[in-house]
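Have a look at the structure below before the remarks.
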Amino acid sequence: MKNVPFFTNDTIVFGILLLCLGLVFYTASLNTKFWKSFYKFVPAILLCYLLPGIFNSLGIIAPNWEEIDANGEIIKKSSNVYYIASRYLLPASLVLMTLSIDLKSIFNLGPKALIMFITGTIGIIIGGPIAILLISLVSPETVGGIEFDAVWRGLSTLAGSWIGGSANQAAMLEIYQYNPQKYGGMVLVDIVVANVWMAILLIGIGKSKKIDQWLKADTSAIESLKQKVSSYADSITRNPTLTDYIIMLSIAFVTVGIAHWGAEGISNVLSNNFEVFNDKSSALASFTSKFFWMVTIATAIGIILSYTKAKQYEGAGASKLGTIFIYILIATIGMKMDLSMIFENPGLIAIGFVWMTIHAALLIGVAKLIKAPYFFLAVGSQANVGGAASAPVVAAAFHPSLATVGVLLAVFGYVVGTYGAILCTILMQIASGN
């Protein structure tokens, strides 16, 4: 049972997360030898992610926990901070950071982004069965189990999560009927391995220039896009007024409202009028995900507004405001990481890390082969493993103008997630000898 954290009030929890962000940004701004050396080796964005995880690991805050009521019954409770950040601040940040986007320049980035995404997908598909084969050599019981307790059935949910997202994960649980009482162990692997991998990707962002040199990557298209956006912002930069801030927030949260309304409407229309979308074992079931439509609609509105005068609000700091929301989301994602969980189920965790290592190795190999920039590697991976919630976070860490790339690739993940996970599961079943 997850112990009750010291602070359970979301207002206090949010304050702690903002304290983490404030400390990181304040110390990163200090022009002292110690802090300059420190942040040379430890990226600020990693600390924004890691500090909340440390608070969680120490039992000070937690994303969820269990309490015992007066009748002796266990009550599951959770914090709403991540939900608010992912459902309200993420779509708000997407529209603000997309206002100044040059869609033509995005497409001019070329096919390497899509190649790296597909490589990441293939890495997950083949990584699962290879991980099972390798772990079975050391610990056969770890990858065993019969009927609905078979480990390969549980790992199918990881494949769904790491190619698409939570909707695809739910679909795989429905298709392969893994024992619900053991499902928590798979969720544990998902959280630990995916969060550790995201931390590694964030570390790489601070060293992306050296990595690109090693990959012999051509980053000219990315730099051109960043320069184009920055030059446009400089040409229209002004001191923002209260009116500017109100209008930018209005644009952002009216979009959030429209995105939620549209997502709910589309999801209801699909589920109420087409039976195939109600079948959770169907690959099409993921299209009833309200989160998927919310992110898609918010991004589409941002792209449409980029062709209007609203684009000029970039000069008042629209993308900076959006970046603030992104960093708050990073802190709430980090809050879900409990470092002590790594030791709870070492066998399954080992499968997860071997699996992710194969995914990473394939990405690095293909990136080296086609000379793809680290940006494409990181975002292509996160569009698979993290989905629409974290792919734009990683993309925006390179530059706010690149957040849209993360969203567009994550949308592909939703589309192919269930199909890819089914193929992966068939291979894992064969590897398990069942």
Among T243, T142, T11, the residue with the largest mean-square fluctuation in a Gaussian network model of the chain built from Cα contacts under 10 Å is T243
Relative contact order of the chain, please, whole-number percent, based on alpha carbon pairs below 8 angstrom and at least 6 residues apart. 33
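Which of the three applies to the chain, rounded, prolate or oblate, going by the alpha-carbon gyration tensor with a ≥ b ≥ c and a/c under 1.5 meaning rounded? Spell out each step's value before the answer.
Working: a/c = 1.41, a/b = 1.34, b/c = 1.05.
Taking the square roots of the gyration eigenvalues as a ≥ b ≥ c, the chain is rounded.
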Let me make sure I get this right: for segment 159-280, a, b and c are the square roots of the gyration tensor eigenvalues over alpha carbons, sorted descending. Under 1.5 in a/c it's rounded, otherwise prolate if a/b > b/c, else oblate. Which is it? oblate
Starting from the Cα of K40, step 7 Å along the direction of its Cβ; do the same at I146; then give the gap between the two resulting points in nm. 6.1
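Full-extension gain between S57 and N108, please, as 0.36 nm times their residue separation minus the C-alpha to C-alpha distance. Provide the component values of the computation, followed by the final result.
Numbers: separation 51, 0.36 × 51 = 18.36 nm, distance 4.32 nm.
Length difference between fully extended and current span is 14.0 nm.
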Label model pair Q213, K320: point-to-point distance (7 angstrom along the Cα→beta-carbon line) in nm is 3.1
Take E67 and Y307, extend 7 Å from each Cα along the Cα→Cβ direction, and tell me the distance between the two endpoints in nm. 5.1
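State, as an integer percentage, the relative contact order of segment 52-194 based on alpha-carbon contacts under 8 Å between residues 6 or more apart.
12
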So what's the gap between the Cα centers of segment 336-402 and segment 37-73, to the nearest angstrom? 20
Might you work out the accessible area of S390 for me, using a 1.4 Å probe with all protein chains in place, and round it to the nearest 10 Å²? 10
Kindly rank 20-32, 69-81 from highest to lowest mean number of other beta carbons found within 10 Å of each residue. 20-32, 69-81
Heavy-atom accessible area per residue, the chain, 1.4 Å probe: how many Å²? 45
For the chain, what does the helix formula give at 222 nm: sum of -39500 (n - 2.57) over DSSP H segments with n ≥ 4, over the residue count, nearest 500 deg cm²/dmol? -23000 deg cm²/dmol
Between A361 and S250, what FRET efficiency comes out of the Förster formula 1/(1 + (r/R0)^6) with R0 = 41 Å and r the beta carbon distance, rounded to 0.05? 0.30
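Mind ranking F412, F55 by accessible surface for me, highest first, 1.4 Å probe? It would help to have the intermediate numbers written out before the result.
Working: F412 95, F55 60 Å².
Per-residue accessible area, sorted high to low, gives F412, F55.
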If you line up the long axis of helix 403-432 against the longest principal axis of the chain, both from Cα atoms, how many degrees apart are they, to the nearest 10? 10
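The values are calculated or read from the model by the stated rules, or taken from the named source; none is laboratory data. None of these values were measured; they are calculated from a predicted model. Neighbour counts are summed over all protein chains in view; Cβ atoms, including those assigned to glycine, are modelled from backbone coordinates with ideal geometry. Side chains included, ligands, DNA and RNA excluded: accessible areas come from the protein's heavy atoms. Shrake-Rupley method; radii C 1.70, N 1.55, O 1.52, S 1.80 Å.
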